[in-house]
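**Q** I am attaching a structure below and will ask some questions about it afterwards.
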Amino acid sequence: MQYIIAQTSTGFIEIKGKIVDNSSNDALVFADIIIKDSNISTITNSDGEFALKIPDSLASRLITFSYLGYQKKEMKISELNGNSKIKLFPAVTELSEVEVKTFRDAETLLRETLKNRSNVYNNANALMTAFYREIIKKRRKNASLSEAVVQIHKQPYSNFKNDAIELIKARKSTDYNRLDTLAVKLQGGPFSNLYTDIIKYPEYIFSNENIDLYNFSFGESTQVNNKPVYVVNFKQKPGIKEPFYYGKLYIDAETLALTNAVFRLNVENKELSSQMYIRKKPRRVDVYPTEATYRINYRTQNGKWHYAYSNILLTFKVNWKGKLFNSVYTLNSEMAITDWHISNPNLIKTKENMLKPTTILADETSGFKDPAFWGEYNIIEPEKSIEAAIEKIKKQLNKTSNI
């Protein structure tokens, strides 16, 4: 894939490309692309590809490419034309004896990280523009595709007020022949992704009541943006029946900020793990998750860290009593911050556009027919399977309009 720098008449240029490992050429998924000294950014998709719209006024800036465990790379935007790929080099860093001894206990390190949030995370009201995508599949076939540009009214990390989400623009297409009422209710919306922000909402994973139910240990250290990072492994203690999470936390060695986290829910106990997701279901059906995977990324700007990206992958098995075959539903949602700025703390929110945590985006297919639907908003580049789904939606819309 070659880079494309397209000049538009609407005041921005668009860059498209792919980020890969220098040696293997493997795609680097969820890599960060940021315009230096700005808050404009995006992230690579599952194919390692990205698209970024840059205002003409920033065309002379540097662009940075970074990925967990790799050396950060900077280039001039003007230098990208003609380059087929951006190759990043792995970076292996061993923490010094002094640094390791400071936090010999991994649990103590995590507690210090959670306590330290007021010092290293953004402590001002921020208005964040984000792109949200949600896909529901029945087995391997797409049943619902939702996309939206939202604005997150992000509260300071120093307080305990909940963030708010305002809907700016959205499109959605659902094939209800492939979805039953139960599956539609699995949709969590943008708030599900926002609540993966462990630093802002630690109560969902590491509350004061349950943090003692985990075992913590140090993993092999790595790098984020050329800086050493602790790796903390965690999992629930043996003998506990309730479903808790297990995974890895990446903590900056200098600031003790959580920079990334990848974790899963233990779904061995089908009944209890089902209760965490399914509020209501028919009596004749058994529903339980077979997979629940989460990812959260943070970025730093002007010395302060903030929420940048999250991805949720949930798989459910649905067994109807009296039916020979079961159904398998997969829900994948992701949200990426594409721009943000410090806002007025007394900012008035328009009630009619504000989403509730239980909101399901309304059906709106017209946007799929318009190639310029998103305008100058940055979005997560669709992977090949999503592109195929969008093309299918377009064909269906064309057939409808010709009737």
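Coordinate-derived values only; no laboratory data. Computed from a predicted model, the values in this text were never measured in an experiment. When we count neighbours, we look across all protein chains shown, and the Cβ atoms used for this are built from the backbone with ideal geometry, even at glycine.
**Q** Cβ neighbours within 10 Å, averaged per peptide: list 313-324, 256-267, 51-62 in order, most packed at the top.
**A** The packing order, highest mean first, is 256-267, 51-62, 313-324.
**Q** Classify region 239-379 from the C-alpha gyration tensor, please: rounded if a/c falls under 1.5, else prolate or oblate depending on whether a/b exceeds b/c.
**A** oblate
**Q** State the label only: which of (1) 1.05; (2) 0.96; (3) 1.07 corresponds to Rg/Rh (Cα atoms, Kirkwood Rh) computed from the shown model?
**A** Derived directly from the coordinates: (2).
**Q** So, by mean Cβ neighbours within 10 angstrom, what's the order for 22-34, 123-135, 285-297 with the highest one leading?
**A** In decreasing order of mean packing, 22-34, 123-135, 285-297 become 123-135, 285-297, 22-34.
**Q** Excluding LYS237 itself, what net charge comes from residues whose Cβ is under 15 Å from its Cβ, given Lys and Arg +1 and Asp and Glu -1?
**A** Around LYS237, the charge tally is -3.
**Q** Rank by packing, highest mean first: peptides 68-75, 191-198, with packing defined as the count of other Cβ atoms within 10 Å averaged across residues.
**A** Top to bottom by mean Cβ count within 10 Å: 191-198, 68-75.
**Q** Taking a cut-off of 17 Å between Cα atoms, list the aspartates and glutamates near LYS356, but don't count ones fewer than 8 places away on the same chain.
**A** GLU134, GLU147, ASP163, GLU166
**Q** How many angstrom lie between the Cα centre of region 15-29 and the Cα centre of region 218-283?
**A** A separation of 27 Å, based on Cα centres.
**Q** Anything over 26 Å Cα to Cα? Flag those among LYS53/LYS304; LYS304/LYS384; LYS172/LYS399; LYS172/LYS395; LYS16/LYS172, in the order listed.
**A** LYS304/LYS384
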